[in-house]
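One structure is given below, encoded as structure tokens.
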Amino acid sequence: MTAERVHETLPAGPGGCCVVVERGVPTMARAASRQPCQPLSLQVPQQREPTVNKHKILASAVVAVIAGSAHLPEGMAATVVKPATSRTVENAAPVGPSRFIVKYRSGAVERSNSTAANQGIAQAATRAGLQRALPATAGSAAQPAATAALMRRMGAPGWSVVLASRALNAVQAEAFMRELRANPAVERVEVDSWMVPTISGRANALVPNDPDYAKYQWNLLSTASGVHAPEAWARSQGEGVVVAVIDTGVAQGNPDLQANLLPGYDMISEKLVSRRDSDGRVAGGWDQGDWVEENYCTQLGLRAHPAKDSSWHGTHVAGTIPQQTNNGQGLAGLAHKSKVVPIRVLGSCGGLTSDIADGIVWAAGGQIENMPVNANPAEVINMSLGSETPQACPAFYQDAINFAVSKGAIIVAASGNSNGDADTYTMGSCSNIILVAATGNTAKPAGFANRGSRVTLSAPGGSEFGKGTVSSFKHGYIWQMINGGKTRPESTNWLAEGYSGTSMAAPHVAAAAAMVQSVAATPLTLAQMRNLLARTAVPITITGTVPPPGSVLPPGPPEGFKAVGMGAGILNIDAALVELANPGCSLDLTSCEKPCDPVNEDCGPVLTPVALTNKVELKGQGGDGGSEALYSFDAEAGKVLSFMTYGGSGDLSMYVSHGKAPTVAVSDARSTRSGTPIETVRFTAPKAGKYFIRLVAPASFSYSGVTVVARQ
């Protein structure tokens, strides 16, 4: 069938000419002709409401929904899917979890015997009272009795997914998890939370007519705010390196990206999310769209929400890494001779955290039940995912991350788009990653970016409202090729679109890691890569007065404040490759500067550990936001050892190591509950000798009146 040809005049493109486009003809092959006209500049559309910008910015976050709260994917900045304002859902089912993730202890029968596991799960459901039906109330419909059973085994050793027959309310979910934990065979229980992609915004779409990426990709080319790609391309283009992008997948057939894709996988196990005809996972990793009709997701137990179009988030994120360059069409990629394995974990309504964890394991070459092993294990994994609200890193995430790192993978993650403390959000609170914040086209921190002590470095992610010193709105965004379909992908509809968010920043660093590994004599470890990229980054300097300690900062980093919590600075891939070729010192060191000599120099304050006595409470402990305190305890071998903080107010995290002081990145154990000073770390078989306990207050919160105690 021949496509109908309808000529449509678009606003002026580069060069100040109108573009006449033949609609219905493949975008990349359209006969676009230039007609004389008055030059038009890109203008910000008039806002419908004072607080809502029609130029949406695809922010990098993922909203995790647990009993009504949410986690978000990262290049999609973090806006919670709010209940629809057009109507309410009468007598809606309680918003809560129906899936749980259980870790069985090593050696437990339930770890390998499904019958035994189901017996324990059924007993826990009975003890939790799930067999009792719930009557209707003023706020919710009647709920039938519930059952629960083993759904599947996960890739991370010992972890399994348990499915309840319906969504449980908060009381039921807590009771069920408590009874599961009471089973001696169970080591840990967590909610399998939903990851919901949320669009904070994106720029107007443009149809590219030539490969002149210099007009749009300041993030690659600018010497002031970019990553110094042109110089770096003379040294490496990422050839031979495989990068996995764990996201919404990649739209199949992208004429500017398809040649650099390897076989991936669609890890989404729920058909309502994948939009496939049946549950289960399939090969490919192709993005089928993540659109939702109004309140579509309520059938999964999620809260009411408005309709939204497909985001093509994974396609945009992937493009920054291997998008074909100098091929006569589209835009450029940073590591354009690398290859990407697309792993789809997010679809309509988002995705399940168990699917994401399995995606990490599969990406690194691990075995997943009933799936083939990835034939192209990733050396670099990009995760533009994070939580919209403070939440500790799930244990099964950390296990999956640790597995991937043990296989040699470098994991790069976005810090999130909530303008908060990155250390307290899901990806920022995970260890063994490179955490990336976002900067705009004027080399200043992006107002939406999460910042914190665990951020490794920053990279271009765009500016929330396209603000800057340039005259064109396009420079406020990161541009890549996406599909133009509103719901499902359309094979002839490809266009350039600008997104903004830490999701867009992370793939710059993933691409840089690929370029480094491509030319490294021996592949760098995670620690070496982190050190290399951080110590060659360009420091972010905002001149002005530093606010006094304890000041409440307005949203975003305003003028006159120093940039804090942005890591070592902005990625400079050329400097990293130069340093790799001739390092000034060992890449195992974070800095080549000579360590401070405390005998002859003023090295500033040093944390001196405060000794704890067994079962003696140390009361009244406190600290300002960003402060740290160190304690020590002499332990015996073999007797259960617990470290606890309780009472008081504020927020803190606890990190514990044997024989040396822990850090937020490296510790033997940790407790990082968000929004509370109550933390516990327990060792069932401790070693003899000195344990060190580090308490860390988030950058934005203090704590006071807290009691610290060691018990053995």
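Restricting the search to the range 257-278, which residues are over 20 Å from L163 (Cβ atoms) and touching a residue at least 40 places away in the same chain (Cβ under 8 Å)? Answer for the range 257-278, where residues must be over 20 Å from L163 (Cβ atoms) and touching a residue at least 40 places away in the same chain (Cβ under 8 Å): L257, A259, N260, L261, L262, P263, G264, Y265, R275. Listed by first and then second residue, the pairs with beta-carbon distance under 6 Å, at least 6 apart or on different chains, first residue in the range 279-303 and outside any loop (DSSP other than H, G, I, E, B), second hydroxyl-bearing (S, T, Y), are A283/Y265; V292/S348. When the residues of the range 386-419 are filtered to those that are of a type in the set (F, W, Y) and in contact (Cβ under 8 Å) with a residue 60 or more places away in the chain, which remaining residue is surrounded by the most Cβ atoms within 10 Å (Cβ to Cβ)? So, considering only residues that are of a type in the set (F, W, Y) and in contact (Cβ under 8 Å) with a residue 60 or more places away in the chain, the one surrounded by the most Cβ atoms within 10 Å (Cβ to Cβ) is F396.
Among the residues of the range 280-302, is any of a type in the set (V, I, T) and surrounded by fewer than 23 Cβ atoms within 10 Å (Cβ to Cβ)? Among the residues of the range 280-302, at least one is of a type in the set (V, I, T) and surrounded by fewer than 23 Cβ atoms within 10 Å (Cβ to Cβ), which makes the answer yes.
Scanning the range 157-179 for residues that are part of a loop (DSSP other than H, G, I, E, B) and touching a Lys or Arg at 6+ places or on another chain (Cβ under 8 Å) yields a single hit, G158.
Contact map, the range 233-256: residues that are closer than 21 Å to I356 by Cβ and in the same structural domain as V317 (by TED's automatic domain parsing) paired with residues that are among the hydroxyl-bearing types (S, T, Y) and assigned to a helix (DSSP H, G or I), Cβ distance under 6 Å, separation 6+ or inter-chain. Pairs shown: V250/T315; A251/T315. Among what's in the range 213-225 and is within 18 Å of H316 (Cα to Cα) and not in a helix (DSSP H, G or I), pick the residue that is modelled with the lowest pLDDT. Here the residue is Y216.
Which one is farthest from G330 (Cα to Cα) among residues in the range 226-260 that are in a helix (DSSP H, G or I) and under 25 Å from the mean Cα position of the chain (by Cα)?
Within the range 226-260, the subset in a helix (DSSP H, G or I) is 229-233, 258-260.
Subset that is under 25 Å from the mean Cα position of the chain (by Cα): 229, 258, 260.
On the way: A229: 17, Q258: 12, N260: 14 Å.
My answer is A229.
The values are calculated or read from the model by the stated rules, or taken from the named source; none is laboratory data. Remember, it's a predicted structure, so these values are computed and weren't measured experimentally. Positions of Cβ are generated from backbone atoms using ideal geometry, with glycine treated the same way; all protein chains shown enter the neighbour counts.
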